[in-house]
Amino acid sequence: MGHPSSTRTSFRRLPLEALTLSFLGLVFLSLAGLELWQGWTAHGVAVQRSEEATANLTKSLAQHAEDALSEVDIALIGLQHQLELQDERAFQRESIRALLKKYKAALEQVEGLFVFDQEGRWLATSMEYSPWKGSNADRDYFDFHRRNTNPDLHIGSALHSRTTGNWVIPVSRRLYRDDGRFAGVILATLKMDYFLDFYKDFEIDESGVIVLAIPDGTILARRPFKDEYLVGRNLEKSYVFTTSLQQSSSGIVSIKAVIDGVERLYGYQRLEKYPLVVMAALSRKALLAGWENHMWRSAYIVLALSLIMGAFGIVLLRQIRYRKRIEVDLIEARNTLERQAMSDGLTGLANRRYFDMALPQEMKRAARTGQPLGLIMIDIDYFKGYNDLYGHPAGDQCLKAVAEVIQSALPRTGDVAARYGGEEMAVLLPGCEVEGALVVAERIKKALDELNIPHGNSPYGRVTFSGGVHACRLSDSGMLGSLELVELADQALYQAKHAGRNQIATLPVTA
Ligand SMILES: Nc1nc2c(ncn2[C@@H]2O[C@H](COP(=O)(O)OP(=O)(O)OP(=O)(O)O)[C@@H](O)[C@H]2O)c(=O)[nH]1
């Protein structure tokens, strides 16, 4: 008696755990993948925005420097013209001085305006006090103009003003005599604070840098500012000066600074009209800080989601395992119940219910396969007498012993032994002709004889049985009904009883 449905169920459950794990893994991978993809895209956008911000800042710095220089240059050109018109011997000091003062008052970026003769002596100044009696011939800008006939505006290195002590940027032009010889210098000193104040207004990070320099790399102004940046510090070896500015007059490049070793995004621009370079450098770290914060935030969210999912997954897997265990228990219980419902409580053989179900199934199978189906009906002889003599419990034991004998005489798995009712048993033998069924019946009889269970109320002195054997085939049955098969086997059994019991009978073969 088999229950084929019980093994199939375990296969159905296995993939559920694997599926759950795969699903959770997939969700986790999707989240992580999405996060990476989003991070990568956002990084690209952040870099692009940083570059745009740096480029805009650089443009604005360049415009500011150019405007500041342009205004001063216009004043210097006007002065230069005025001075060159004047006779050297009739130098109108007061009128020039008044002019210098007017220019200074009009130009916020100017600290002072000066006129020097060919020896560097002060001829006029916008300052309130009388001209200094010394000479400025030692200044680099003076030396430059004395040596060079170049008429362009000259921008010199930042220096401490002799009059105010402040840091200033000297901007000068050469004065010419009629014959073109050197006549002196007009100088405007630009307040470094004018630039530093402007640079202060930009919202850049702590390690961000703004630089105003001349093309040889000399720094004129820098944010953040320290005196030492202007003394002995030169950017000539920095990548922007050695390479970038050689390739284009403006652009963006990401490099490590010479001065402090911090990696920055550099926007640089050489001014069109004046020998000046502006640079705005924003640290990469600060530029990408927003992106980085965003990434950390979403990484935490993904991590939290993954943890929640992991916890949920563990609970889910536990539930699945728990339910699986319950189902296995239920299946086992059901199988036991099924077995109990289908087996006889006393003998352990299949019961009548099972037999009634199995018989038509076997009949159908026999009809389908063309195989014969044998049936043995077994009835213990004088069993009432046995009960009367030995008692009912002993009768039960006797029934159990007979059942064991029957069961052990059936080595084929397809054979079904059932308690048909009371002391009557039935044995279904799929694939068995009458001859084969007779052999089996005789084997059972022999085994019971050998067991030799005493029976005082039987003429044979031991427990015996009578057997009726019949078999059917589709060909000869012409589709015999299951009841008819039992009936025919029963008739044979009746004959055996009638003929004196303790024997096996078959019905005579009808042509
Ligand atoms: N101990 C016990 N006896 C049972 C059981 N089922 C049926 N019987 C008895 O089996 C006996 C059957 O008696 P009968 O039908 O007269 O048949 P018999 O005495 O075997 O006589 P024959 O079959 O003609 O040889 C009855 O006394 C039933 O009570 C059972 O489960 N246990």
**Report entry** Hits in the stretch 421-430 - residues which are buried (at least 22 other Cβ atoms within 10 Å of the Cβ) and within 16 Å of the ligand (Cβ to nearest atom)
**Finding:** M425, A426
Report task. Determine whether the stretch 462-478 contains at least one residue that is open to solvent by 50 Å² or more (accessible area, probe 1.4 Å), within 16 Å of the ligand (Cβ to nearest atom) and in a loop (DSSP other than H, G, I, E, B). Result -> no
Query raised in the report: Which one of the conditions (1) away from the ligand (no atom under 15 Å from the Cβ); (2) open to solvent by 80 Å² or more (accessible area, probe 1.4 Å); (3) not aromatic (F, W, Y) does A417 fail to meet, given that it meets all the rest?
Result: (2)
Report task. Inspect the stretch 291-314 for any residue being among the basic types (K, R), over 16 Å from the mean Cα position of the chain (by Cα) and loosely packed, with under 13 Cβ neighbours inside 10 Å and give the result as yes or no. Result -> no
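When residues of the stretch 397-414 are filtered for being open to solvent by 30 Å² or more (accessible area, probe 1.4 Å) and either hydrophobic (A, V, I, L, M, F, W, C) or within 20 Å of R353 (Cβ to Cβ) (or both), how many remain?
Going through the stretch 397-414, the residues open to solvent by 30 Å² or more (accessible area, probe 1.4 Å) turn out to be 397, 400, 404, 407-408, 411-414.
Subsequent filtering for residues that are either hydrophobic (A, V, I, L, M, F, W, C) or within 20 Å of R353 (Cβ to Cβ) (or both) retains 400, 407, 414.
Going through the stretch 397-414 one residue at a time, the tally reaches 3.
Looking for whichever is modelled with pLDDT of 95 or more, part of a helix (DSSP H, G or I) and more than 16 Å from the ligand (Cβ to nearest atom) here; the options are Q361, Q407, Q397, Q340. Which one fits?
None of the others qualify; the one that does is Q407.
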Report summary line: In the set M279, M295, the lone residue that is closer than 27 Å to E66 by Cβ, hydrophobic (A, V, I, L, M, F, W, C) and out of contact with any Leu (no Cβ under 6 Å at 6 or more places or on another chain) is M279
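Taking the stretch 246-282 on its own, how many of its residues are among the polar types (S, T, N, Q), farther than 30 Å from I74 by Cα and at pLDDT 90 or above?
1
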Query raised in the report: Is one or more of the residues making up the stretch 431-448 buried (at least 16 other Cβ atoms within 10 Å of the Cβ) and within 16 Å of the ligand (Cβ to nearest atom)?
Result: yes
Query raised in the report: Within the stretch 438-464, which residues are in contact with a Lys or Arg (Cβ under 7 Å, 6 or more places away or on another chain) and closer than 18 Å to Q495 by Cβ?
Result: T464
Query - Matching residues, the stretch 160-191, being more than 15 Å from L113 (Cβ to Cβ) and surrounded by 18 or more Cβ atoms within 10 Å (Cβ to Cβ) - result: W167, R174, A183
Query raised in the report: Counting only residues that are open to solvent by less than 10 Å² (accessible area, probe 1.4 Å) and not β-branched (V, I, T), how many does the stretch 205-220 have?
Result: 5
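Residue-by-condition table, conditions (1) over 18 Å from R173 (Cα atoms); (2) in contact (Cβ under 8 Å) with a residue 40 or more places away in the chain; (3) of a type outside the set (G, A, S); (4) crowded, with 16+ Cβ neighbours inside 10 Å:
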position: Q48; (1), (2), (3), (4): yes, no, yes, no
position: K59; (1), (2), (3), (4): yes, yes, yes, no
position: I74; (1), (2), (3), (4): no, no, yes, no
position: L85; (1), (2), (3), (4): no, no, yes, no
position: A98; (1), (2), (3), (4): yes, no, no, no
position: A106; (1), (2), (3), (4): yes, no, no, no
position: M127; (1), (2), (3), (4): yes, no, yes, yes
Requested in this report: Within the stretch 482-492, identify whether any single residue is within 14 Å of the ligand (Cβ to nearest atom) and modelled with pLDDT of 95 or more, and answer yes or no.
Outcome: yes
Query raised in the report: Looking at (1) open to solvent by less than 30 Å² (accessible area, probe 1.4 Å); (2) modelled with pLDDT of 95 or more; (3) away from the ligand (no atom under 16 Å from the Cβ), which is the one condition that is false for L451?
Result: (1)
Query raised in the report: For residues in the stretch 368-394 being open to solvent by less than 10 Å² (accessible area, probe 1.4 Å) and near the ligand (Cβ under 7 Å from one of its atoms), which is farthest from A350 (Cα to Cα)?
Result: D381
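The values are calculated or read from the model by the stated rules, or taken from the named source; none is laboratory data. Remember, predicted model here, so these are calculated numbers, not experimental data. Ideal geometry is used to build each Cβ from the backbone, glycine not excepted, and the neighbour counts take in all protein chains shown. Side chains are part of the model used for accessible areas, which takes the heavy atoms of the whole protein and leaves out ligands, DNA and RNA. Shrake-Rupley method; radii C 1.70, N 1.55, O 1.52, S 1.80 Å.
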